[in-house]
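Trainee: Would you mind keeping the following structure in view while I ask a few things?
The values are calculated or read from the model by the stated rules, or taken from the named source; none is laboratory data. On a predicted model such as this, the values are computed, not experimentally measured, just so you know. Cβ coordinates were reconstructed from backbone atoms using ideal geometry, including for glycine residues, and neighbour counts include every protein chain displayed.
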Amino acid sequence: MLDDLSLQIGEGEFTAIMGPSGSGKSTLLNLVAGLDRPTSGTVTVGGTALASLSEAELARFRRASIGFVFQFFHLLNNLSVFDNVLIAAQLSGAQEAASRVRAQQLLNELGIGAKARDYPVKLSGGERQRVAIARALINRPAVVLADEPTGALDSNTGEQVMELLVALNQRGQTILLASHDLQLAGRYTRRIISLRDGKLTRDSRTDGQGQEVTQ
């Protein structure tokens with residue numbers, strides 16, 4: 001639950017949402033994605049007031065504008081790696097041939113192109129997270145929401161995933177990362193928002209090397 005939270009994330013920012021379990025991190029991501037509706041106040045993403053959208057319109061908004069990367073991947077084990085990525089484009093109604101090309105391109109860029117015909121059960125945790133990232137990106141969303149994307153990974157693989165997110169941000173995508181790992185977030189993001197019990201407790205900028213920048 002969030003409590004009287006007022007927050008603005010600029011286009012192209014890479015922002016970490018920090019806090020212990022129950023602080024409201026996942027709730028905030030769900031509100032931005034339109035998965036939850038606020039009991040009061042407004043949520044506006046890219047100029048769109050989400051409260052004004054119907055459920056069908058919210059679904060279209062998510063498919064077009066939001067890429068969601070989950071901690072535990074949420075891949076479909078009965079589908080190949082390629083089809084796990086492609087299904088997001090199919091659900092959005094994207095052109096089939098172009099989507100197939102883009103799915104393979106994303107897998108290649110993420111270093112798992114050779115795994116396209118494999119099934120998730122055969123992949124390492126880091127490889128599965130890369131598939132999840134490719135799936136989140138296939139519709140070219142303006143905003144990527146990452147909910148503890150390194151929480152199920154070892155430290156080395158977690159850093160690789162963070163480097164991938166940095167590369168995406170450098171291409172212009174806005175990234176909102178929920179994490180409990182302050183050291184990791186401080187090294188890779190440029191803004192850290194701290195929550196506790198649903199309240200904003202700190203909003204700071206960093207230099208990308210873990211050092212806070214005076215505003």
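Trainee: Condition check: more than 17 Å from Glu13 (Cβ to Cβ) and more than 18 Å from the chain's Cα centre (by Cα). Does Asn139 satisfy that?
Mentor: So Asn139 does not fit the description; no.
Trainee: Output the residues belonging to region 159-184 that are of a type in the set (Gly, Ala, Ser) and out of contact with any Gly (no Cβ under 6 Å at 6 or more places or on another chain).
Mentor: Residues satisfying the conditions are Ala167, Ala178, Ser179.
Trainee: While we're looking at this one, here's another question. Go through region 117-132 and give me each residue that's surrounded by fewer than 16 Cβ atoms within 10 Å (Cβ to Cβ) and in a helix (DSSP H, G or I).
Mentor: Val121, Lys122
Trainee: Tell me which of these Val101 doesn't satisfy, since it passes every other one: (1) modelled with pLDDT of 95 or more; (2) among the β-branched types (Val, Ile, Thr); (3) under 22 Å from Glu163 (Cβ atoms).
Mentor: Of the numbered conditions (1) modelled with pLDDT of 95 or more; (2) among the β-branched types (Val, Ile, Thr); (3) under 22 Å from Glu163 (Cβ atoms), the odd one out for Val101 is (3).
Trainee: Please specify each residue of region 47-68 satisfying the condition of being in a loop (DSSP other than H, G, I, E, B) and either touching a strand residue (DSSP E or B) at 6+ places or on another chain (Cβ under 6 Å) or surrounded by 12 or more Cβ atoms within 10 Å (Cβ to Cβ) (or both).
Mentor: Leu53
Trainee: Also, I was wondering about something else. Within region 80-96, which residues are more than 19 Å from the chain's Cα centre (by Cα), modelled with pLDDT under 95 and in a helix (DSSP H, G or I)?
Mentor: Gln90, Glu96
Trainee: Could you count how many residues in region 142-160 are assigned to a loop (DSSP other than H, G, I, E, B), surrounded by 21 or more Cβ atoms within 10 Å (Cβ to Cβ) and of a type outside the set (S, T, N, Q)?
Mentor: Looking only at that region, the number is 1.
Trainee: Here's another thing I want to ask about it. Scanning region 191-215 for residues that are of a type in the set (D, E, K, R) and modelled with pLDDT under 90, which turns out nearest to Leu2 (Cα to Cα)?
Mentor: Of the residues in region 191-215, the ones of a type in the set (D, E, K, R) are 191, 196-197, 199, 202-203, 205, 207, 212.
Filter again for modelled with pLDDT under 90, leaving 205, 207, 212.
Working: Arg205: 22, Asp207: 28, Glu212: 25 Å.
For region 191-215, the residue satisfying everything is Arg205.
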